[in-house]
1. Under the condition of being over 28 Å from the mean Cα position of the chain (by Cα) and part of a helix (DSSP H, G or I), which residue from the range 217-254 is surrounded by the most Cβ atoms within 10 Å (Cβ to Cβ)?
2. Has the range 191-207 got at least one residue that is assigned to a loop (DSSP other than H, G, I, E, B), within 25 Å of Ala139 (Cα to Cα) and of a type outside the set (Ser, Thr, Tyr)?
3. Residue under question is Thr282, and the condition is that it be assigned to a loop (DSSP other than H, G, I, E, B), touching a residue at least 60 places away in the same chain (Cβ under 8 Å) and within 23 Å of Arg74 (Cα to Cα); does it hold?
4. Checking Ser116 against (1) part of a loop (DSSP other than H, G, I, E, B); (2) without any contact (Cβ under 8 Å) to a residue 12 or more places away in the chain, only one condition comes out false. Which one?
5. Scanning the range 285-311 for residues that are in a loop (DSSP other than H, G, I, E, B) and small (Gly, Ala, Ser), which turns out nearest to Ala143 (Cα to Cα)?
6. Taking the range 95-128, which residues are surrounded by fewer than 20 Cβ atoms within 10 Å (Cβ to Cβ) and closer than 19 Å to Val178 by Cα?
7. If you take the residues of the range 51-88 that are among the basic types (Lys, Arg) and crowded, with 18+ Cβ neighbours inside 10 Å, which of them is nearest to the chain's Cα centre (by Cα)?
8. Out of the range 170-190, which residues are assigned to a helix (DSSP H, G or I) and either touching a Lys or Arg at 6+ places or on another chain (Cβ under 8 Å) or at pLDDT below 95 (or both)?
Amino acid sequence: MSALPRSAAAFLLLAVTSLAACTTQPEPVPTPQRAVVLAPVALPPMKTFGPYRATPPHLSNVDIARDFLDLSFRLESGRDLPWMSRFMGPVTVTMTGTIPPTAPAELDHVLARFRSEAKIDVHRIPGPANITIQFLPRAEMQALVPQAACFVAPRVNSWADYRQARGTSRLDWTTLKVRDKLAVFIPSDTAPQEIRDCLNEEVAQALGPLDDLYRLTESVFDDDNFQSVLTGFDMLMLRVYYAPELPAGTTRAEAAARLPAILARLNPAGEHITPRPAPGPTPRPWIDAIETALGPGTSDTRRGDAAIRAVEIAQKEGWTDARMAFSYFVLGRLARIENPETALHALQAADRIYRTLPDTEIQRAHIDMQLAAYALVADDPDHALTLIRRARPAAERAQNAALLATLYMIRADALAMKGDRKAARAARLDSIGWSRYGFGTEQTIQSRLAQIAALAGEPATGG
């Protein structure tokens, strides 16, 4: 489970107001001066992605070793782990509960990637297994774990088992050396993209590293939820995690001594890349500010204050990395209602920083989407279309249907503003096809269409 749970991040990171693919109700777009009547839209077939094409990380092995140690020897709570825990043989996976129709194929796809890219011997079976993925209603899960959209727990194999183990040492990762039995819990009543994202992140954590790092830009083992499909970096992390030189019980000092030879073997290209400056630690007050800004059950005033505090802490730390950029991004999303000029400047500042960092095309695509929405409000459809064209390839490569759907919605309304109704209708149909995968329910899709249409003052119709 992410330090910033996917459900918490979903307040910010979904469609116009966010990045993640949760199907929470959308936040109204603050454009009351534009009256929009939502016309019913017939839903075309759901669009889906082909095979994910991961690219190797473009990092020095020195940097990769540092990231590996930080991911593998600390929990998201900040507690240190005394050793690595892992499976020590073939791994089996099974699914139980009310299994969504798309889940079996999504699981088979990610397990195939684990076998081919991370070289982990892992297979799905119909009966009891090492990793049990249980699907249950979101309300039932969040009644017990309110901030989690999906999560993994050790030494249990069912929701009933987890409920019984709560508050006991059975769930303590710090006492675990050899992994044998774990459970992943995922809502059964959420969008296909959210199911896929949870399978990617939580099964990866069931197998490998348990921490997330805000400083990472090309990994699901981050805390900003920009990446939702396991990347080439992630698969290398898992392959290293299961290197024979790193058995269960390996300490941090032992891993640090063995990693140079392991990485030279598994990632020879990283031997010839110049290391980056070592990043400083991420202070707890900054993490608390980010989690307050994005977490559920918090007033708008507290969110805004927390976002400002995160920027101030990042500036005081002198950061020029992804943490500074994300601080500005959060402020840009939360300030847009009360202070749209501050919000716009914050988004532009985030964009400038991300453009100095490698492997941040999906982050920049999200900012382009936000800036395109501003362009619609400013009656500048040409600029909106330019931003959409720039963002769309990154969204396609990252296989983010929620982002793609929003980009197509903005494109549709920008074209309608220019009077090109035929092209606008085609873009809107594309947006709905991706929405069915990214957002799931018809109610959520119609709400998203209405939000984007409100920006342009256009009726959200299918024609």
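1. Glu254
2. yes
3. On the way: assigned to a loop (DSSP other than H, G, I, E, B): yes; touching a residue at least 60 places away in the same chain (Cβ under 8 Å): yes; within 23 Å of Arg74 (Cα to Cα): yes.
So Thr282 passes the test.
4. (1)
5. Out of the qualifying residues, it is Gly297.
6. Lys119, Asp121, His123, Pro128 - these are the residues of the range 95-128 that are surrounded by fewer than 20 Cβ atoms within 10 Å (Cβ to Cβ) and closer than 19 Å to Val178 by Cα.
7. Selected residue: Arg74.
8. If the condition is that a residue be assigned to a helix (DSSP H, G or I) and either touching a Lys or Arg at 6+ places or on another chain (Cβ under 8 Å) or at pLDDT below 95 (or both), then Arg170, Leu171, Thr174 are the ones that fit.
The values are calculated or read from the model by the stated rules, or taken from the named source; none is laboratory data. Keep in mind the model is a prediction, meaning the values are calculated, not measured. Don't worry about glycine lacking a Cβ; one is built from the backbone with ideal geometry, like all the others, and counts go over all protein chains shown.
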